[in-house]
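Visitor: A single structure is presented below for examination.
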Amino acid sequence: MKKLLLILTCLTTIVAFASPEIGKDVSDFTGKTVDGKTVKLSDFKGKIVVLEWYNPTCPYVKKFYSVGKMQEFQTQVTSAGHIWISINTGGKVDDLKSAITTDKNKASLVVDDSAGSIARQFEAKTTPHCFVINREGVLVYKGAIDSISSGKSADIEKATNYVLAAVTATQDNKKVEVNSTKPYGCGVKY
């Protein structure tokens, strides 16, 4: 009986910390913004939320920020009343604050995940690795930001932007056509 109880406890723990699946509720998380405020994913229930794993030193991230495209995407999403959260795993807060200013990051907020707990929960692999969560807290997209896995800014205009497509479909109450792709970029450092 004790063994069965132990096995059930372990399985429950594994399920509780399993990576979010498309079409399933996303488990809540708590994080600290770079200015020290505590936020929870559940604070944004009722809004579409984009999570973007962000490493300002990654060439794949620079591909977007150096030409103002990521900021454009962030502004497009937030001006429609949605939330964009940039999450940095593995960096130092002071360096991150400086990078946000340099990059002119337009996310709703930037979360310091130096402990890696949010990255582990989402099994974030790369920067940028993106997730789109609908108003009900259900994951509708996870993967690459776009369809061309290069470090060249010139490829942005030629690529299909999966994140913006998922946000648009979700806000229009339509099915997200491409809901999962392989992320590309620099590895997330836990």
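Visitor: Can you name every residue in segment 29-41 that is modelled with pLDDT of 95 or more, over 15 Å from the mean Cα position of the chain (by Cα) and outside any strand (DSSP E or B)?
Guide: Lys37
Visitor: Look at segment 141-177 and say how many of its residues are within 16 Å of Lys24 (Cα to Cα) and touching a Phe, Trp or Tyr at 6+ places or on another chain (Cβ under 9 Å).
Guide: Step one: of segment 141-177, the residues within 16 Å of Lys24 (Cα to Cα) are 141-143, 166, 170, 175-176.
Next, from what is left, pick out any that are touching a Phe, Trp or Tyr at 6+ places or on another chain (Cβ under 9 Å): 141-143, 166, 170, 176.
Adding up the residues that qualify gives 6.
Visitor: Taking interchain pairs and intrachain pairs at least six residues apart, which have beta carbon atoms under 7 angstrom, with the first residue in segment 51-64 and modelled with pLDDT of 95 or more and the second of a type in the set (Ser, Thr, Tyr) and surrounded by fewer than 21 Cβ atoms within 10 Å (Cβ to Cβ)?
Guide: If the second residue must be of a type in the set (Ser, Thr, Tyr) and surrounded by fewer than 21 Cβ atoms within 10 Å (Cβ to Cβ), the pairs left are Tyr60/Tyr184; Lys63/Ser153.
Visitor: Also: Considering each residue of segment 56-71, count those that are surrounded by fewer than 19 Cβ atoms within 10 Å (Cβ to Cβ) and within 16 Å of the chain's Cα centre (by Cα), and give that number. Can you show your working first?
Guide: Kept after step one, since they are surrounded by fewer than 19 Cβ atoms within 10 Å (Cβ to Cβ), are these residues of segment 56-71: 57, 59, 62, 66-69, 71.
Within this subset, residues satisfying the condition of being within 16 Å of the chain's Cα centre (by Cα) are 71.
Qualifying residue count, segment 56-71: 1.
Visitor: Any idea which residue in segment 104-115 is surrounded by the fewest Cβ atoms within 10 Å (Cβ to Cβ), counting only those that are more than 13 Å from the chain's Cα centre (by Cα) and at pLDDT 95 or above?
Guide: Lys104
Visitor: Limited to segment 57-98, what total is found for residues that are over 17 Å from Ser149 (Cα atoms) and either hydrophobic (A, V, I, L, M, F, W, C) or in a helix (DSSP H, G or I) (or both)?
Guide: Adding up the residues that qualify gives 20.
Visitor: If you check Thr126 against the conditions, is it among the polar types (S, T, N, Q), under 16 Å from the mean Cα position of the chain (by Cα) and more than 23 Å from Lys40 (Cβ to Cβ)? Explain how you work it out, then say what you get.
Guide: Details: among the polar types (S, T, N, Q): yes; under 16 Å from the mean Cα position of the chain (by Cα): yes; more than 23 Å from Lys40 (Cβ to Cβ): yes.
Answer is yes for this residue.
Visitor: Name every residue in segment 132-168 that is of a type in the set (A, V, I, L, M, F, W, C) and touching a Lys or Arg at 6+ places or on another chain (Cβ under 7 Å), in order of residue number.
Guide: Across segment 132-168, the qualifying residues are Val138, Leu139, Ala144, Ile148, Ile156.
Visitor: Filter segment 112-123 down to residues that are among the aliphatic types (A, V, I, L, M) and more than 19 Å from Leu139 (Cα to Cα), then give me how many there are. Step through it out loud before you land on a result.
Guide: Taking segment 112-123 first, the residues among the aliphatic types (A, V, I, L, M) are 115, 118-119.
Cutting the leftovers down to more than 19 Å from Leu139 (Cα to Cα) gives us 115.
Within segment 112-123, residues that are among the aliphatic types (A, V, I, L, M) and more than 19 Å from Leu139 (Cα to Cα) number 1.
Visitor: Moving on. Taking the condition of being within 11 Å of Val188 (Cα to Cα), part of a loop (DSSP other than H, G, I, E, B) and of a type in the set (D, E, K, R), how many residues in segment 114-144 meet it?
Guide: 2
The values are calculated or read from the model by the stated rules, or taken from the named source; none is laboratory data. Everything numeric here is computed off the predicted structure, so don't read it as measured data. Please note: Cβ atoms are built from the backbone with ideal geometry, for glycine as well, and neighbour counts cover all protein chains shown.
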